[in-house]
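Taken together, the values in this text are just the output of simple stated rules run on the coordinates, not laboratory data. Predicted model, so just to flag it, every value in this text is computed and none were measured. Here the Cβ is made from the backbone with ideal geometry for all residues, glycine too, and neighbour counts use every protein chain on show.
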Amino acid sequence: MTAAPTTMRGMILTGHGGLDCLVWREDLPVPTPGAGEVLIRVSAAAVNNTDINTRIGWYSKAVRGDTGAGALGGFAEAQGGDSAWSGAAIRFPRIQGADCCGEIIAVGEGVNPARIDERVMVRSIHSPANSDARMATATFGSERDGAFAEYATAASVDAIKVSSSLSDLELASFPCAYSTAEGMIQRSGLGAERVLITGASGGVGAAAIQLAKRRGAEVVAVTSGDKAGALRAFGADETMDRDAAFPAQSFDVVIDLVGGARWPGLIESLRLGGRYAVAGAIAGPIVELDLRTLYLRDLSFFGCTHQPANVFTDLVGYIEAGEVSPMMAATYPLRELHAAQEAFAAKTHVGKIGIVVAQ
């Protein structure tokens, strides 16, 4: 058992905007676990689109552009009242970090003390304890403080014990990206079918390749030419250049993380009765839909944010069974989060950018 100090180091988000809104602190109070919660000594985290999108205010309905346009400087038109992914306001200052791997060092009231010393991954996307709404959803590092600090609290039910030979840094690459991909795959009911995955070189896209392959799917990954070889090595059966025309009526399922101006072509690429699942829009959130295509071809659309609890525990099971593996692109210490997010925004990497928290 490791005793917690009274203060910790971490990166706080002070408001919506550029990288200057991320401020390094060495005097943050170590949180105290409440009833039903655990205190985690954070070993590792990772960078996700949602961390950056929240910082820049991209989720605001006033923003209509692609995520890259404001990745470093933010969006002047973002409205603070709806700039979180949930459509609500973020409470500042906020410790971000949706991905977390670490060790439980203390427990709150009602939690079995035997959990102390467990190695855990935190469920990034979860049901908040204070809501009974059917699909109420919260994100670690958004609606509550996350992993960009040395210590974090989480609901005990969302801190999932993991037994694996992978490093903490490798395990921290899984929670947000892989659970998002698994949620899309489960919602769309993907089986041994032909699937198109956009944004395939990013964390969620690369995760979707592996998770689709374990279901027997034939995977076509959309990417740039210089990343195609890495994605084929990661499991993609075929790759398509991201500027190429999508083949008409060729896929049973589309897993989309991109959106943007080329979105109508994605829909035309679905076969009769095809399914479209979306959990991102990095090329832009505003698209054009011909409703005749939707209903005359019996297509099904799935917006994928909420995750039933089994999505994450299923994922941990895949990790423990060795059925999925991490794809690490680079690693930065937490204090260099600015540089890590700059590298993320450059989109030259394949896979996840890891963050070392414990020193």
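Counting pairs of alpha carbon atoms under 8 Å apart in space and at least six apart in sequence, what relative contact order in percent does the chain give?
Across the chain, relative contact order equals 19 percent.
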* To do: Specify the inter-centroid distance of segment 268-308 and segment 65-103, based on alpha-carbon positions, in whole Å.
  => 25
* If one computes the Cα centroid of segment 219-261 and of segment 43-61, what distance in Å separates the two points? -> 24
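Give the value in nm², to one decimal: projected area of the alpha carbon convex hull of segment 208-266, averaged over all directions.
On the way: hull surface 16.3 nm².
Projected over every direction and averaged, the Cα hull of segment 208-266 covers 4.1 nm².
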* Asked: Dipole of segment 4-137 (Lys/Arg Cβ +1, Asp/Glu Cβ -1, origin at the Cα centre): which of GLY15, THR137, VAL107 lies farthest to the positive side?
  -> THR137
* To do: Sort segment 47-98 into rounded, prolate or oblate with this rule: let a ≥ b ≥ c be the square roots of the eigenvalues of the Cα gyration tensor; rounded if a/c is under 1.5, and if a/c is not under 1.5, prolate when a/b is larger than b/c, oblate otherwise.
  => oblate
* Work from the charge dipole of the chain (Cβ charges, +1 for Lys and Arg, -1 for Asp and Glu, about the Cα centre) and give the residue of ALA71, ALA46, ALA281 farthest towards its positive end. => ALA281
* **Set of lysines with alpha-carbon distance to LYS227 below 20 Å, sequence-local pairs under 8 removed** => LYS213, LYS347, LYS352
* Asked: So, counting K/R as plus one and D/E as minus one, what does the shell of residues with Cβ under 12 Å around THR223 add up to?
  -> 0
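Provide the three semi-axes, in whole Å and in decreasing order, of the ellipsoid equivalent to the chain as defined by the square roots of 5 times the Cα gyration tensor eigenvalues. Don't jump to the answer; show the numbers that get you there.
Working: eigenvalues 217, 99, 73 Å².
The answer is 33, 22, 19 Å, longest axis first.
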* To do: Please work out whether segment 155-287 counts as rounded, prolate or oblate from its C-alpha gyration tensor, where a ≥ b ≥ c are the square roots of the eigenvalues and a/c under 1.5 means rounded, while otherwise a/b larger than b/c means prolate and anything else oblate?
  => prolate
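Near PHE251, within a Cβ-to-Cβ distance under 13 Å, what is the net charge of the other residues, with Lys and Arg +1 and Asp and Glu -1? Don't skip to the end; give the middle numbers.
Details: positive: ARG194, ARG271, ARG275, ARG297; negative: GLU193, GLU218, ASP237, GLU238, ASP252, ASP256, GLU268.
Value of the local net charge: -3.
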* Structure fact -> With a Förster distance of 22 angstrom and the Cβ-Cβ distance between ASP226 and GLU342, calculated FRET efficiency to the nearest 0.05 equals 0.70
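Determine the shape class of segment 1-115: with a ≥ b ≥ c the square roots of the Cα gyration tensor eigenvalues, call it rounded for a/c under 1.5, and otherwise prolate if a/b is greater than b/c, oblate otherwise. Numbers along the way, then the final one.
Numbers: a/c = 2.57, a/b = 2.14, b/c = 1.20.
It comes out prolate by the Cα gyration axes.
With r as the distance between the Cβ atoms of GLU218 and ALA309 and R0 = 35 Å, compute the FRET efficiency 1/(1 + (r/R0)^6) and round to 0.05. Display every interim value, and only then the final one.
Working: r = 30 Å, r/R0 = 0.85.
My answer for the efficiency is 0.75.
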* Size of charge dipole - the chain - debye, nearest 20, with Cβ of Lys, Arg +1 and Asp, Glu -1, no other charges -> 320
* To do: Taking a cut-off of 13 Å between Cα atoms, list the aspartates and glutamates near LYS161, but don't count ones fewer than 8 places away on the same chain.
  => GLU103, ASP117, GLU118, ASP314, GLU320
* Asked: Each label point is 7 Å from the Cα along the Cα-to-Cβ direction; what then is the distance between the points at TRP24 and SER250, in nm?
  -> 4.7
